[in-house]
Amino acid sequence: MSKRILLCDCMATQNVDLDAIKDGTELSAGRIYTSLCQQESERAAQEIAKGDVIIACGQERAFFEMLSEELDAEPPQCIDIRDRAGWSDEGKRAGPKQAALIADALLDIPAERTVDVASEGTCLIVGNGEVAFAAAQSLCEDLAITVLQLDDTDAPSDRRFDIVRGKLSRATGSLGAFETRIDSFQSLLPGGRGAFSFSTPKNGAKAECDLILDLSGGNPLFPAHEKRDGYLRADPRNPVAVAEASAQAMRMVGTFEKPLYVRLESSMCAHSRAEKVACSNCLNACPTGALTPNGDHIAIDPMICAGCGACSALCPSGAITYDAPPVSALFRRIDTLVRAYRKAGGSVPRLLVHDEDFGQEMIELAARHGRGLPADVIPMSVSALAGFGHAEILAALGAGFAGVTVLLAPKSDRETLENQVALAKALAGGKPVGLIDPTDPDALSDVLYVETGPAVATPALPIGTRRQVTRVAAKALNPEGGVLDLPEGAPYGAVLVDTDACTLCLSCVSLCPSGALGDNPDKPQLLFQEDACLQCGLCTNICPEKAITLQPRMNLEDNALSQQVLNEEEPFACIECGSLFGVKSTIERISEKLAGTNAMFNNPDALKMIQMCDDCRVRAQFHSNNNPFQMGEPRRPRTTDDYLNNGPSKRRDH
């Protein structure tokens, strides 16, 4: 049975374009209902019982799921087309957008990879006595509590939890696997009369726990502490905040699924080579410290990673890619939105990118109490706003969106997003790209109700890696071709070589992580393929002559896809056999500098060896007077005659 969709105009408060939805999604839709969650709920129940039904209502999802549970049927998929489309000053023209939103929701997106994290409920409470002890008394029936007391308040006689004193000098890990170091550690001595006493202070005590409840009121123990699973922090002066953190701690016992947000392909990482650091974009952007250097590459601790996506947006090589969901799924969503919008009769859509919490709430409030969104603005929620980088923006513009706007959230990584939007603008061929940070829902609507220009004349499919999609989209958006100047730090560009300084030592070639720099085995040449260059800077760091500089740009011409000669010189001819080797200018320069100045080359024959190829040099050394390969005269082996002819033998057998 094919899927059916139930459409509801929410008590006649929105216009639902039945024909546009059919054209854009090819779903079966009988008629438009008015109150599926109330007066017409019996009809909804009948359709749910049949199975394979979609209900175009997001607000009453809980009601329809409860209804399906009573019917022992699969819960229906619920899609909001009201707040994001129908409730709008332009709601009568929102049919194509409604079709696009439904088509997007119907996509089969791969499930995110996860790993199980177990928490047995061992909790370390850090804070001064009064507040910490009160929290421990409320939690000790549900959790295994240890209080790290930071002051010298008398300890209570309640022995349902442990009490130690000291200073928490270090903490690492996350939910289920915290490791701590406590200096000036003192354990409680439960015996004796009067107030409890404590042991002699010692440094370097180590402890493991599943949770940390930080009531110290000091600096957080971790960067981006709100994103560290299992680390709960509250102001000890705020009883409500302490109670909320304590309640949250009680819920963090059991086995949880931790998403694996990103994938890492170490072989593609351009962090460093030969102990020379190059790209550190992801390390600089990671708010939680989940990324660390690991030799020539970087390493990711998936237990600390909070999935912000900034590393994926900034990685020039594609070594790090967002995987919850994969970037390819996001490209599919973009293409589906555009195609469904046009199939339903729309022409020039715009894309509004927002997060799943703040952005969604702003759109709902703007729809319920204000003008809502324009009919041509299609909202798309993403799980990692900072991961929506220049490649994704270019993919949307290249696929047919006339403009892309990113709605910031209060906790958004503004620096990363500003960097990516600036890069996208330089590649977008004049198409509008921007960040908005409205103060209220009305301001959100106001900034979006503007005139828009045309979309790209010939859309490009967003297929391939982020770099491939960016290049294809940039060519579609800039049909005249040419070279586009890009902001500093862009991951695309050229390598410029000072040919007077370059000695063609080719150290840059051997270390280039992407293979953009190459050599010619038959002659002294430095080759460069521009589309492969990551602008990581390793070649500039490694060049002994400081002859290399980088130029951020996007070369849209075909010559960027093939190797070009950056520097070449005449090879030197071996003075013995005439075969070509080395660089003529370099060998002549070395010969000139060593002649008469170096004791090893005072002999003209030794100086000539510099001007020989490898084979001739070995032969010349072998036949020279001071041949380094020559050994002394070998000792003659003794034979039987030596024994017989050298005096009378003392042997008895002859």
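Rounded if a/c is under 1.5, else prolate if a/b is larger than b/c, else oblate: which is the stretch 517-563, with a ≥ b ≥ c the root eigenvalues of its Cα gyration tensor? Judged from the Cα gyration tensor, the stretch 517-563 comes out oblate (a/c at least 1.5, b/c at or above a/b). Partner lysines whose Cα lies under 26 Å from the Cα of K227, excluding those fewer than 8 positions away in the same chain, are identified as K167, K206, K258, K411. Taking only the C-alpha atoms of the stretch 455-565, the Rg (one decimal) and the largest Cα-Cα distance, Dmax (whole number), read 15.2, 49 Å.
Share of carbon and sulfur in the accessible area of the stretch 99-205 stands at 46%, probe radius 1.4 Å. Rg then Dmax, both in Å and based on the Cα atoms of the chain: 35.8, 133.
Can you give the local net charge around Y33? Use residues other than it whose beta-carbon is closer than 9 angstrom to its beta-carbon, Lys and Arg +1, Asp and Glu -1. Local net charge: 0. Within the shell defined by Cβ-Cβ distances under 13 Å, the residues around I393 carry a net charge of +2, with Lys and Arg each +1 and Asp and Glu each -1.
Loop-located trypsin sites (Lys or Arg not before Pro) in the stretch 1-92 (DSSP state not H, G, I, E or B) with no more than 10 neighbouring Cβ atoms inside 10 Å: R31. Take every DSSP beta bridge whose two residues both sit in the stretch 211-342; close to 75 percent of them are antiparallel.
When the C-alpha to C-alpha distance is required to be over 24 Å, none of the pairs from K3/K343; K425/K475; K546/K584 qualifies. Suppose the Debye formula is applied to equal point scatterers at every Cα of the stretch 345-494; what is log10 I(q)/I(0) at q = 0.10, 0.15, 0.16, 0.20 Å⁻¹? Rounded to two decimals, the profile gives -0.34, -0.76, -0.85, -1.26.
Please compute the volume of the convex hull spanned by the alpha-carbon atoms of the stretch 319-412 and report it per residue in Å³.
Working: hull volume 9.4 nm³, N = 94.
Dividing the Cα hull volume of the stretch 319-412 by its residue count gives 100 Å³.
Charge tally around I590: other residues with Cβ under 13 Å, Lys/Arg +1 each, Asp/Glu -1 each, net +2. Over the stretch 448-519, the ratio between the Cα radius of gyration and 2.2 N^0.38 Å evaluates to 1.62. Which log10 I(q)/I(0) values, to two decimals, does the stretch 234-319 give at q = 0.10, 0.17, 0.27 Å⁻¹ under the Debye formula with one point per Cα? Scattering profile of the stretch 234-319, log10 relative to I(0): -0.39, -0.74, -1.32.
Expressed as a fraction of 2.2 N^0.38 Å, the value expected for a compact globular protein of N residues, the C-alpha radius of gyration of the stretch 275-352 is 1.49. Overall, the accessible surface of the stretch 246-344 at a probe of 1.4 angstrom is composed of carbon and sulfur to the extent of 51 percent.
Look at where the Cα atoms of the stretch 272-342 and of the stretch 1-77 average out, and the two centres are 38 Å apart.
Which value in Å does the Kirkwood hydrodynamic radius of the stretch 17-111 take, with 1/r averaged over all unlike C-alpha pairs and then inverted? About 14.0 Å, per the Kirkwood formula over Cα pairs.
Two numbers describe the Cα atoms of the stretch 1-55: Rg and Dmax, which are 11.1, 31 Å.
Within the chain, which is the longest segment containing none of the GluC sites (Glu not before Pro) that sit in a DSSP loop and have at most 15 other Cβ atoms within 10 Å? For GluC sites (Glu not before Pro) (loop position, at most 15 other Cβ atoms within 10 Å), the longest site-free span of the chain is 142-264. Only helical runs count toward this figure. For the chain, summing -39,500 (n - 2.57) over DSSP H runs of n ≥ 4 and dividing by all residues gives -8000 deg cm²/dmol at 222 nm. Accessible area per residue (1.4 Å probe, heavy atoms of protein chains only) ranks L101, L511 as L511, L101, with the largest value leading.
By DSSP, the beta bridges lying fully in the stretch 323-424 are antiparallel in about 10 percent of cases.
Treating each Cα of the stretch 153-284 as an identical point scatterer and summing with the Debye formula, the log10 of I(q)/I(0) at q = 0.19 Å⁻¹ comes to -1.25.
Beta bridges per DSSP, both residues in the chain: antiparallel share near 55 percent. Taking all protein chains together, S591, S579 sort by accessible area into S579, S591, largest first [probe 1.4 Å]. Could you pull the accessible area for L283 with a 1.4 Å probe, rounded to 10 Å²? Answer for L283: close to 40 Å² accessible. Within the full protein context, the accessible area of I393 is estimated at about 0 Å² for a probe radius of 1.4 Å. For the stretch 58-129, just say rounded, prolate or oblate: build the C-alpha gyration tensor, square-root its eigenvalues into a ≥ b ≥ c, call rounded for a/c under 1.5, and beyond that prolate if a/b exceeds b/c, oblate if not. Since a/c reaches 1.5 and a/b is larger than b/c, the shape of the stretch 58-129 is classed as prolate.
Against the main long axis of the alpha-carbon atoms of the chain, helix 41-50 sits at an angle near 40°. Rolling a 1.4 Å probe over the protein chains gives L517 an accessible area of about 10 Å².
Computed over protein heavy atoms with a 1.4 angstrom probe, the accessible surface ordering of T122, T439, largest first, is T439, T122.
The values are calculated or read from the model by the stated rules, or taken from the named source; none is laboratory data. Given the structure is predicted, the values throughout are model-derived calculations rather than measurements. FYI the Cβ positions are ideal-geometry reconstructions off the backbone, even for glycines, and counts take in every protein chain you see. What goes into the accessible areas is simple: the full protein's heavy atoms, side chains included, and nothing from ligands, DNA or RNA. Shrake-Rupley method; radii C 1.70, N 1.55, O 1.52, S 1.80 Å.
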